[in-house]
Every structure is written in structure tokens, then in C-alpha cells.
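Please read the structure below before turning to the comments.
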Amino acid sequence: MTEPNYASFWRRVLASLLDNAVWFLFLSFIYAWILEGAFAVSDGVGLLAVFVFLSLWFNYFAFCEWRWGQTIGKNATGIEVRAIDRSPRLTYGQASIRNLLRLVDFFVVGEVMIATDKRRQRLGDKASKTVVLRRAPQTAPAPIAGAAPDPVASEPAAPAAPPPPKPNRLAVPWTPRTTFWWLLGGLLMAIIIPPLLVAPFDPDLKSDGALLAAQAIFDGLLLFVAVGVASNWKFRPFATPLRLLGLRPFRLNAIWIMLATLVAYYIAAGLFASLVLKPDQEDIGGELGVGNPSIVIAVLAVVMIAGFAPIAEELFFRGFVFAGLRSRWSLWPAAITSGLIFGAVHAPTGITTVVPLATLGVALCWLYNRTGSLWPCVIAHMINNGLALALVS
């Protein structure tokens, strides 16, 4: 039996360095700011924030290997984690065990075992019954030493049927006409209703809590309209309209496309600020309570800006507006129109930010069209808002 192509020691080291570089950047630009604020409150809150970060780091590896068999670093270096019993993918228990033992393998143990073991298994691999393989060029999985032989593998393969034509992944049942009417209606509701609901508690809308509540209602109404149109105002089953709005699985290489899109946008925004006009935007984080003495208000403000707002805005402006225009229009007219609307909606925070934010909107439309999933746009939007919070604060 042919021995599978186990990933080499240095290829695995490179994959690990790439993965941890991503987390180092995250810690440097975003989490360090959160840690500083957390320890300023108390040592207990700071230690809790450290624990949350370590949990996110662990679950990044466990989730990616469970869902795709690869992390970003493994995808870039052409390797993947496979179960010895040739299961289609790892169980979450296997992915958790191999990554929990990463804490032990990190201290020389794993490196020595990978360098000397026949299957290149570290302690985590042995405990979870997994191996790391070079990504095979063939579609059939490579045999793994010690596993039961696959009787189907020896049979001649039937001629492959031609693949069906790829559907338009942005095809949606609502038209540009419906899109424009509900865009107008949704924005009017989002502008009028929040002050009416919050004013009885704070007529002047000046406190951090009142502004935070108004922003939450604003984004909630955008989300309500997007899901309402996508479900034909039935909302059941809830997963169906979310898939129509773009919350669909994506290939791991979409993460690289997303990062490249963000880098291109930041370069373009930097050139615009240097050569044309430096944007002057209000401190949204400060207004919504990021610096509030109350830890509850401060944490809710961060969650709102870097979490809920990106999800709601992506579902509305890309999942609903752009997709509705794209159902009849070609890519760039739909992307530019949607991007301009996205930029104009943010004009009250600073008129000079319209052009950069419109550019970001166009870039995210292209990203959605390119990957067929809204999740990369949501992640990019979260990263952008998180960086804005970190840099301004």
C-alpha cells in the first residue's frame, strides 16, 4: 500500500507561524487596547479578558480544522488534517483534543515527535488519531497507513458526469424596484423610530446609554427590513432568508481574498487622505460609550460597533441592496450604486468620510460577488470597525 504524503516538519512550522502571526496582529492592533482597558478596571476583569483571548485562539484552530480540515496557515502551505480512519472530516472532539494538547506540544515535545515519528504525528495527533497530510492533487482521499482498506478504491472509476452550470450565487427573488422602495422605507424607519422610542427615557438623547440604544434600534430595523424582504415578510424558516441574504458557507481561500480586499482599500484610503482630502469623522466610539466609566456600557458599545452593526449593515447594504440590484444589473453599476448609498448614509458622522466609505462599500460588494458568501464581508467590516476603535481610542 502506498504511504500517504505526510506533511513535512518545516511545512507544518511555516503553517503554524502564519496562523500565529494573524493572532499576533489581532492582539497588537485590537486586543491590546481591550486588555489595557480591562486591566484599568481591575485585575480580575483583565485576567478574564486574557482568558477570553486564549479561548478565541484555541477555538480558531479547533473550529477551522473541524469545519474545513485546515486553518489559514495550513491552507496557504497546502496541508490538511485528516482522521486516520478516513472519516470525511474530523469530529469537533478530535479537533479540540489535538489543539488542547498544542499547549504541551509547543514546548519541544511536538517538534521532536514530528521530526522522528513515521507518520509525523505530534502528541495531539496521536491522542486524537489524526495525521497532517500534503493536500493531494487527486479528488479521492489518500490511504493512511494502518487504516482499513477501501474496497471501492480498487474498482474502476465511472466516467465523471459534466458539472452542472454554476448558478448565479447572488440571484434573489426581489427586483431593483423592490430594493429601492424598501431601501427608502427601511432608512426612513431607521431614522424616525429610534428617537421616538428612546426620547421618553432621555429627551435630549445625550447620554451614552440613550445613543447606544438608538443605534441598536437603528441597526435592528435595517436587519428587520432585510430579513423581511428576503422572507417575503414570513420570517419562517429563519435560515432560508439568511441564506438568500448571503450567509452561506465559503471556501477557506475567501479569507485571503478578504484580507487582500482590506489591504487594497486601506492603500486607496491612505492615498485619498494624502493627496485629496483627509477625512474628518466624529468619534462614534466615544459617543456610544466606549470610554464610559460603566464597564457594562463600554462593553456593549464595543459589541455594538465591532459586532452587531457590521452584521446588520452587511445584511442590509450588501445582502439586500446590492444583491437586489445585482439580480438585474451588471456588477459594477450595482456595486457603485450600493457603495454610494452606504457612504451617504454615514454622511452625518462626517461629510468628508463619504468617499472613503463609499469605496469600502464598493470593495465589499466586489468581495461578496467574488466569494458568493456574505461572511467574508461581515468579517472584513468587523475588522475595519475594530481597527477604527483601536486607533481612535
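Using the Cβ-Cβ distance between ARG370 and LEU14 with R0 set to 22 Å, the FRET efficiency from 1/(1 + (r/R0)^6) comes to roughly 0.25. Treating r as the C-beta distance of THR352 and LEU197 and R0 as 30 Å, the FRET efficiency rounds to 0.45.
Return the lysines within reach of LYS126: Cα separation strictly under 21 angstrom, same-chain partners fewer than 8 residues apart disregarded; answer none if there are no such residues. List returned: LYS74, LYS118. Residue ranges 90-98, 326-334 sort as 90-98, 326-334 when ordered by packing (mean number of other C-beta atoms within 10 Å per residue, highest first). Placing R0 at 30 angstrom, the Cβ-Cβ distance between LEU271 and TRP332 gives a FRET efficiency of 0.90 after rounding to 0.05. Against the empirical curve 2.2 N^0.38 Å, the C-alpha radius of gyration of the range 55-122 lands at a ratio of 1.09. Stretching the chain fully between ARG134 and THR175 yields a gain of 10.2 nm (0.36 nm per residue, less the alpha carbon separation). Full extension of the chain segment joining VAL109 with ASN253 gains 48.8 nm, where the gain is 0.36 nm per residue of separation less the Cα-Cα distance. For the pair PHE63 and PHE308 in one chain, pulling the backbone fully straight at 0.36 nm per residue adds 86.0 nm over the alpha carbon distance.
Any read-out appearing in this document is the output of simple, stated calculations on the displayed coordinates, not a laboratory observation. Small disclaimer: the values here were computed from a predicted structure and weren't measured. Ideal geometry is used to build each Cβ from the backbone, glycine not excepted, and the neighbour counts take in all protein chains shown.
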